[in-house]
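Let me begin by presenting the structure, written as structure tokens, before commenting on it.
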Amino acid sequence: MATLTVARPLAHDSAVLHVTGAARYLDDIASPPGCLHLAFGLATVARGRITRMDLEAARGADGVELVLAADDLRRAADTSPTAHDEPLLADGEVHFHGQPIFLVAATSHLAARRAARLGNVEFAAAEPVLTIDDALEAASQLEDPVEYLKGDPDAAISTAPHTLSGTVEAGGQEHFYLEGQAAMAHPQEDGDMLILSSSQHPSEVQAKVAEALARPFSNVRVEVRRMGGGFGGKESQCIAPAVACAVAAERTGRSCRMRYDRDDDMIVTGKRHEIRIAYRVGFDDDGRILGIVFDHYCRCGWSQDLSLAVADRAMLHADNAYCLPHARITSYRLRTNTVSATAFRGFGGPQGMIGIEHVIERIARKLGRDPLDVRAVNYYRSPSAGVESQTTPYHMEVRDCLVADIAAELAERSDYRHRRAGIARFNAENPVLRRGIALTPVKFGISFTLTHYNQAGALVNVYRDGSVQLNHGGTEMGQGLFVKVAQVAASAFGLPLDAVRLTATDTGKVPNTSATAASSGSDLNGMAVKAACDAIRGRMAEFLARQWQREPPDVRFEDGRVVIGSASMAFSDAADLAYRHRIPLSATGFYATPQINWDRRAGRGRPFYYFANGAAVTEVVIDTLSGESRILRTDILHDVGSSLNPAIDIGQIEGGFVQGAGWLTSEELVWDAEGRLMTHAPSTYKIPACSDRPLEFNVALYENSNREETIYRSKAVGEPPLMLGISALMAISDAVASCGEGSAFAGLDAPATPERILRSVMELQGRSW
């Protein structure tokens, strides 16, 4: 029987290149003769008006060939992915500290950066709107509040046996991709422009460059071979360097390249959205939620960027894995004089889940119950479990929530009950070190909520020698998308993986692509590639069947050969024979996700094709004298459907958890009173290091096949595991709570830094801070 290449734990296609340092990233590409390097001059106020700009010192600096301010541009250049509200260079008004106000092109990267500091710019500063409270006081919003409503939550809360209310906050997060933002533009003949970009969305870059140059899309080609990480930070934030390079290249007729310095990258680019969640909840003696009201306050920054969609997804995941019979979720999208917040792994989902997990923990404390038991009585159950149809707060039927089964299996595997009892004994005997444990679930919706993004294209070429080249609209940022899609192509033709050649994502080969985001890369592009491969395979089968007087179903592609009845030949020979008989061996493929419909303002429809599920048990220890914390052990059981590549999927789960735990425990963004980002370098912003991962880390894949017709019945894996990191925050809260008399709830805001942990411990122990 033929062995499929999919479902095998194969290495990343660039694994050897990565570990040897031979993988070529954008900044590794040699500059052509005469290439110019770019840098931005940045605003030094968070809000105000430019009153005077003297750039002569910058223009006269060594190596400088061109300096442009907004008034020097031949036409307006916008870098917004949505609302056309982000000029490339400040057009007189300044909206955040670090906003680009002029552009320098010089003969070296260092010369450009030095010259960018020589601009003499004066401002009439105004009082900035920096915080959530500032924005609420100033009524500074991007749009009117959005509300989702199911049932009558106010009545349900008012008649509930128990009620609680409160707030919880989660801070933003810096993407901290290893490769910073980078782009290069090469002018071509007749006004064409070739852009090399470190981008998750090549077609968006193409569109914005074409707009800035006043050229049709067809005159701009964007190529992306790989990124050194993205995490959502290269979905829209990549536009500015690409447009800057294109504008300078058009003006000078020379190739131009731009790479942000790490400090500038952190200052200029968007972050995860900070959120405050206020809640009221009513529940019964078992902890079953009867009614709940959430108010989301999202700090969006100065422009729209992708904030509306991010805030929508936070609302869409306010229920996480719990059936809420009566719920109202209201979202306020607040405009502030900070860098515009943007896409980040989970795209608002993690922020939404924080609220309900906080509520569950607080209910458990009030009732004196194990939080896992409170979770269990609130889980969604699939109709197959013998319960009537259950719907989300946005009225989507939940047909594939596996969380109850996953959580129960994980609790058994991780010995959760026994360990919780042991932790209680440990805490009773140790006045300084305290341990905590938590099991939290994830139900994450898979699809773009912007419906037309749920499509993908591919181009597959089979050559006479039997080698296969494929191109699709997805981008590779280290997540393993390319190897998964190559496995799909190899399986379609019955070939080994090394027979399939991956090429750079290229808008000249596959047009109108969607961003590689929303965990949709494999779902969309895998199906598009399979459609193209199936078209070529069908032509070859039909031709060969005629040649051997058989029927097309009699033709099998397996183990590098083509079998026709009792005859057999190498795939390469079959390809050559088909070529000689003028059978086309190239095809495009297309896929559009079915069954999607969504009205975002009404909060109704089916925004997701399916849900990915998982659960994590995390055990931590805290030092009550310093507030420091450590993750001792994490056990994860995660649902990826029928895995396309178990090794890649497990790697994504491990990395997602660590990134999520980092967001919630150590990664703190700090702005001063004037709107300056103070944590703008590795010395001041603490991402998780190797020593911060769990000392014992057990990850397993839940055996399951996707009920929906996805590529080989797999499920997305990019974003959902990040939210498993919530278990670390809840475990720390559990450890802190043990410092009191037992019923008090720590309710830590995120990130749970040592300062926050120590403050909570001291409050519970009656000590002054």
Query - Gain in span if fully extended, Glu388 to Leu17, counting 0.36 nm per residue against the direct Cα distance - result: 128.4 nm
Query raised in the report: What is the packing order of peptides 419-426, 704-711, 369-376, taking the mean over residues of other C-beta atoms within 10 Å and listing the highest first?
Result: 369-376, 704-711, 419-426
Query - Share of alpha-carbon pairs per 10 Å distance bin for the range 33-94, given as whole % - result: 17, 46, 31, 6, 0
Query raised in the report: Can you pull the Kirkwood radius for the range 1-73, inverse mean 1/r over Cα pairs, to one decimal in Å?
Result: 18.2
Requested in this report: Compute the FRET efficiency between Arg413 and Met678 as 1/(1 + (r/R0)^6), taking r as their Cβ-Cβ distance and R0 = 45 Å, and round to the nearest 0.05.
Outcome: 0.60
Report summary line: Simple SL model, points at 7 angstrom along Cα→Cβ for Asp190 and Arg24; separation in nm is 2.7
Report summary line: Between Leu497 and Thr167, Cβ-based FRET efficiency (R0 51 Å, step 0.05) works out to 0.50
Query raised in the report: How big is the range 357-417 by the Kirkwood estimate over distinct Cα pairs, in Å?
Result: 12.9
Query raised in the report: Any idea what the dipole of the range 221-375 comes to, in debye rounded to 20, about its Cα centre with Lys/Arg Cβ at +1 and Asp/Glu Cβ at -1?
Result: 500
Query raised in the report: Antiparallel DSSP bridges in the chain: what percent, to the nearest 5?
Result: 80
Report summary line: With label points set 7 Å from each Cα along the Cα-to-Cβ direction at Thr107 and Ala76, the distance between them in nm comes to 3.7
**Report entry** Percent breakdown of C-alpha pair distances by 20 Å bin, ordered from the shortest bin, for the chain
**Finding:** 16, 47, 31, 6, 0
Requested in this report: Please report, in cubic angstrom per residue, the volume enclosed by the convex hull of the alpha-carbon atoms of the range 707-769.
Outcome: 101
Query raised in the report: Extension gain Arg262-Glu551, at 0.36 nm per residue separation less the Cα-Cα distance, in nm?
Result: 98.0 nm
Requested in this report: For the range 494-634, state what percent of all Cα-Cα pairs lands in each successive 5 Å bin, counting from 0 Å until the bin that includes the largest distance.
Outcome: 2, 7, 11, 14, 11, 10, 10, 9, 8, 6, 5, 3, 2, 2, 1, 0, 0
Report summary line: For the range 96-188, the convex hull over Cα atoms projects on average to an area in nm² of 13.4
Query raised in the report: Can you pull the three principal axis extents for the Cα set of the range 208-275, in Å, largest first?
Result: 41, 24, 23
Requested in this report: Work out from phi, with θ = phi - 60° and the Karplus expression 6.51 cos²θ - 1.76 cosθ + 1.60, the ³J(HN,Hα) of each residue of the range 205-219, listed in order in whole Hz, and give x for Gly and Pro.
Outcome: 4, 4, 5, 6, 5, 4, 5, 5, 8, 6, 10, x, 3, 5, 8
Report summary line: Expressed in angstrom and rounded, the centroid-to-centroid distance over alpha carbons for the range 496-525 and the range 297-350 is 28
**Report entry** Mean Cβ neighbour count within 10 Å, used as a protection proxy, ranking 537-548, 594-605, 97-108 highest first
**Finding:** 97-108, 537-548, 594-605
Report task. Treating each Cα of the range 646-769 as an identical point scatterer and ignoring solvent, apply the Debye formula and state log10 I(q)/I(0) at q = 0.11, 0.16, 0.18 Å⁻¹. Result -> -0.53, -0.91, -1.03
Report task. Place the peptides 226-237, 515-526 in order of packing, highest mean first, counting for every residue the other Cβ atoms within 10 Å and averaging per peptide. Result -> 515-526, 226-237
Query raised in the report: For the range 75-177, what is the charge dipole size about the Cα centre, in debye to the nearest 20, if Lys and Arg each add +1 at the Cβ and Asp and Glu each add -1 at the Cβ?
Result: 820
Report summary line: Residue-ordered couplings for the range 635-646, obtained by feeding phi - 60° into the Karplus form 6.51 cos²θ - 1.76 cosθ + 1.60 and rounding to whole Hz (Gly and Pro as x), are 10, 10, 10, 10, 9, 10, x, 8, 4, 6, 7, x
Requested in this report: Any chance you could check the Cα centroid distance between the range 559-583 and the range 408-428 for me, in angstrom?
Outcome: 59
Query raised in the report: Of Lys366/Lys715; Lys208/Lys509; Lys234/Lys715; Lys443/Lys484, which sit over 28 Å apart, Cα to Cα?
Result: Lys366/Lys715
Query raised in the report: the range 122-168 to the range 93-117: how many Å between their Cα centroids?
Result: 37
Query raised in the report: If the viscosity is 1.567 mPa s and the temperature 4 °C, what translational diffusion coefficient in µm²/s does Stokes-Einstein give for the range 225-375 when Rh comes from Kirkwood over Cα pairs?
Result: 73
Requested in this report: Normalise the Cα radius of gyration of the range 25-149 by 2.2 N^0.38 Å (N = residues in it) and let me know the number.
Outcome: 1.29
**Report entry** Total charge dipole magnitude, the chain, about the Cα centre, Cβ charges on Lys, Arg, Asp, Glu only, Debye to nearest 20
**Finding:** 1120
Query - Where N is the number of residues in the range 414-478, Cα Rg divided by 2.2 N^0.38 Å - result: 2.40
Query - the chain: relative contact order in percent, alpha carbon pairs under 8 Å with at least 6 residues between - result: 15
Report summary line: Placing each pseudo-label 7 Å from Cα in the direction of the beta carbon, Asp559 and Glu397 end up separated by a distance in nanometres of 4.5
Query raised in the report: Hey, what did the range 496-637 get for relative contact order, percent, Cα under 8 Å, at least 6 apart?
Result: 17
Requested in this report: Step through the residues of the range 392-402 one at a time and calculate ³J(HN,Hα) from phi using the Karplus curve (6.51 cos²θ - 1.76 cosθ + 1.60, θ = phi - 60°), rounding each to whole Hz and writing x for Gly and Pro.
Outcome: 7, x, 9, 6, 9, 5, 9, 10, 9, 7, 9
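Only the coordinates and a few stated rules stand behind these numbers; no lab work does. Everything numeric here is computed off the predicted structure, so don't read it as measured data. FYI the Cβ positions are ideal-geometry reconstructions off the backbone, even for glycines, and counts take in every protein chain you see.
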